[in-house]
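Undergrad: Here you go, one structure.
The values are calculated or read from the model by the stated rules, or taken from the named source; none is laboratory data. Just so it is clear, the structure is predicted and the values come from calculations on it, not from any experiment. Here the Cβ positions follow ideal geometry from the backbone for every residue, glycine too, while neighbour counts run over all protein chains shown. Areas reflect the complete protein model, heavy atoms only, side chains present, ligands, DNA and RNA absent. Shrake-Rupley method; radii C 1.70, N 1.55, O 1.52, S 1.80 Å.
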Amino acid sequence: MTATTVHTTLASPLGDLLLVGEPSATAPGGTALASLSVPEQKGAATVRSGWTHAPAAFTEIAAQLTAYFEGGRTRFDIEYVPGGTPFQQRVWQALEAIPYGETFTYGDIAARIGAPRAAVRAVGTAIGRNPLLVVRPCHRVIGANGALTGYAGGLRRKEQLLRLEGAACVAQALTG
C-alpha cells in the first residue's frame, strides 16, 4: 500500500475491526477498502509507519458495516482496492456472489470458477488470503460435509457471522 494509505478501527461484535484503505474519487464516501481484519486474524494487516489514522475517511464503510451487524444490511456497496492474483480474483468474485444467509462448499466455488474438482485446495488457499473479511463473505464457505472449516478470523467468528445471517448450516453443524 502507498503513502496515501489510511486506517481506522471500528468496534463490532467480532472485536475491533482494522479498516485499511486508499483515497478514491469513485468510491462511496471517498475511500476504497484494501483490508478489513479482525483481532488475532491469521495474516491480518498491521498498521505501518506512514499510514494516516483517518476515521472520517471510513464514515460510509463504517455505516454499512454497522448496519450489517445490526441486521439491516445484506449487501455492501464498497469499492475495493484491486489486488490478488488472477486466480484469487476469480475465487473472490465467486465469494461475492454467495447470497446473504446461504453457504457454498469449496467444491461449489471451484465449479463456479470453472476449476477442476482437484482445485479445491487451491480454492481454499485463495479464500484464506481474502483481505476483506466480512464484506467479501468467505465466512459463507463451508466444508463438503457441512462443517464450519477454515476461517482466518477463527471458527467462533465464522459461526457468529453465519448466525447473524440466519444460515441454516450453523444449526446443522452444531447438532449433526
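Undergrad: State, to one decimal in nm, how far the label point of A44 lies from the label point of S24, with both points 7 Å from Cα in the Cβ direction.
TA: If labels sit at A44 and S24, their model points lie 2.3 nm apart.
Undergrad: Mean separation of Cα pairs under 8 Å and 6+ residues apart, divided by the residue count of segment 1-61: what relative contact order is that in percent?
TA: That works out to 37 percent.
Undergrad: Please list, in order, the residues from segment 147-168 whose amide nitrogen is less than 17 Å from a point placed 7 Å along the Cα→Cβ vector of R121.
TA: 150
Undergrad: Taking the Cα centre of the chain as origin, work out the dipole magnitude from +1 charges on Lys and Arg Cβ and -1 charges on Asp and Glu Cβ, in debye rounded to 20.
TA: In total the dipole reaches around 560 debye.
Undergrad: Given the convex hull of the Cα atoms of segment 1-49, what is a quarter of its surface area in nm²?
TA: 3.8
Undergrad: Kindly provide the trypsin sites (Lys or Arg not before Pro) of segment 56-129 that DSSP labels as loop, not H, G, I, E or B, and whose Cβ sees at most 13 other Cβ atoms within 10 Å.
TA: For trypsin sites (Lys or Arg not before Pro) across segment 56-129 that sit outside H, G, I, E and B with at most 13 neighbouring Cβ atoms in 10 Å, the list reads R75.
Undergrad: Let me make sure I get this right: for segment 38-134, a, b and c are the square roots of the gyration tensor eigenvalues over alpha carbons, sorted descending. Under 1.5 in a/c it's rounded, otherwise prolate if a/b > b/c, else oblate. Which is it?
TA: Oblate shape, in that a/c is at least 1.5 and b/c is the bigger or equal ratio.
Undergrad: Within segment 63-123, report the GluC sites (Glu not before Pro) that DSSP leaves as loop and that have at most 15 other Cβ atoms within 10 Å.
TA: The qualifying sites are E70, E102.
Undergrad: Same structure again: Only helical DSSP H runs with n ≥ 4 go in: add -39500 (n - 2.57) per run for the chain, normalise by residue count and round the 222 nm mean residue ellipticity to 500 deg cm²/dmol.
TA: The helix contribution divided over the chain gives -9000 deg cm²/dmol.
Undergrad: Of all accessible surface on segment 1-115 at a 1.4 Å probe, what whole percent is carbon and sulfur?
TA: 52
Undergrad: A further question on this structure: Averaged per residue, what accessible surface does the chain expose to a 1.4 Å probe, in Å²?
TA: I get 48 Å² per residue for this part.
Undergrad: What does DSSP give for segment 1-148 in terms of the percent of beta bridges that are antiparallel, rounded to the nearest 5?
TA: Once the DSSP bridges in segment 1-148 are tallied, antiparallel ones form about 65 percent.
Undergrad: Please sort by residue number the chymotrypsin sites (Phe, Trp or Tyr not before Pro) in segment 69-174 whose DSSP state is loop and whose Cβ has at most 16 other Cβ atoms within 10 Å.
TA: Here the chymotrypsin sites (Phe, Trp or Tyr not before Pro) that fit, given the DSSP loop and packing criteria, are Y100.
Undergrad: Taking Cα atoms, how many degrees apart are the long axis of helix 59-69 and the longest axis of the chain, rounded to 10 and kept between 0 and 90?
TA: 30
Undergrad: Can I get the semi-axes of the chain's equivalent ellipsoid? Compute them from the C-alpha gyration tensor as square roots of 5 times the eigenvalues, in angstrom, largest first.
TA: Equivalent ellipsoid of the chain: 27, 19, 14 Å, largest first.
Undergrad: Let me have the relative contact order for segment 1-144, percent, based on Cα pairs under 8 Å that are six or more residues apart.
TA: 22
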